[in-house]
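Presented below is the structure to which this report refers.
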Amino acid sequence: MKFAFLDIETIPLKIENEDIREYLMDHKINKEMRTFDPNYSKIVCICLKFSDEECKVFFNEDEKVLLQEFWSFVNENKSDTVFVTHNGYSFDVPIINLRTIVNGLNIPFDFNVNKWNMDKSNHFDIMLFFSNLGNFTNLPLNILAKMHNIEVKETITGREIEKYFNEKDFDKIKGRCRNDVFLLENVFNKLCVNYRRSKF
């Protein structure tokens, strides 16, 4: 069994249609909310890191190309792999899946998103684990790390990603995504790896 650590970065789509803009205003759906909803956002970066290997960064201004490259890599490396996320059941994986469909692509691999089967599945969500499947507080990854004296490297915030994308300062976005994956790996290895191995 091998572990692969996954994280994504998203930005809100530009909305030009006046009917849609009016709908968003009427329903008080602001730009930050849209960033976390695949109906109004797009993926700009995906990082995937296998234990003791270099981090693979998928980045492209064309979301379809980014997703094609990501799925091709996952398909080649999915065997005997447990994918580790933070909030992946509610955010990363559903967004990847829906944005894949929107871009007219096939989903060649099923990440488990049934939390009741998480322990023995191909997808382990740290946030779900530490919230006892939603019964306790959902801690942000950086707070969870600091609670357990795991070093957190500060980078740009999620709110700044759109700004840097528009400025074409893509290295900052890649750096944030990469750092989140490294932190995810460190938290998992310190707190969860033995538990997860025991369930396999």
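The values are calculated or read from the model by the stated rules, or taken from the named source; none is laboratory data. Fair warning: this is a prediction, and the values are worked out from it, not measured in the lab. In this analysis, Cβ positions are derived from the backbone assuming ideal geometry, glycine residues included, and neighbour counts consider all displayed protein chains.
Looking at 72, 41, 79, just one residue is small (Gly, Ala, Ser), at pLDDT 95 or above and over 22 Å from residue 186 (Cα atoms), and that residue is 72. Check whether at least one residue in the stretch 27-46 is in a strand (DSSP E or B), in contact (Cβ under 8 Å) with a residue 40 or more places away in the chain, closer than 30 Å to residue 197 by Cα and touching a strand residue (DSSP E or B) at 6+ places or on another chain (Cβ under 7 Å), and report yes or no. The answer is yes; a qualifying residue exists.
If you go through the stretch 7-25 and keep only what is surrounded by 10 or more Cβ atoms within 10 Å (Cβ to Cβ) and either of a type in the set (Lys, Arg) or within 17 Å of residue 60 (Cβ to Cβ) (or both), you end up with 7, 8, 9, 10, 11, 13, 21.
Checking each residue in the stretch 157-174 for being acidic (Asp, Glu) and either surrounded by fewer than 14 Cβ atoms within 10 Å (Cβ to Cβ) or assigned to a loop (DSSP other than H, G, I, E, B) (or both) picks out 167, 169, 171. For the stretch 84-102, the condition of being more than 16 Å from the chain's Cα centre (by Cα) and either acidic (Asp, Glu) or farther than 17 Å from residue 192 by Cβ (or both) holds for at least one residue. Applying the criterion of being in a helix (DSSP H, G or I) and without any contact (Cβ under 8 Å) to a residue 12 or more places away in the chain to the residues of the stretch 98-130, the residue that is surrounded by the most Cβ atoms within 10 Å (Cβ to Cβ) is 101.
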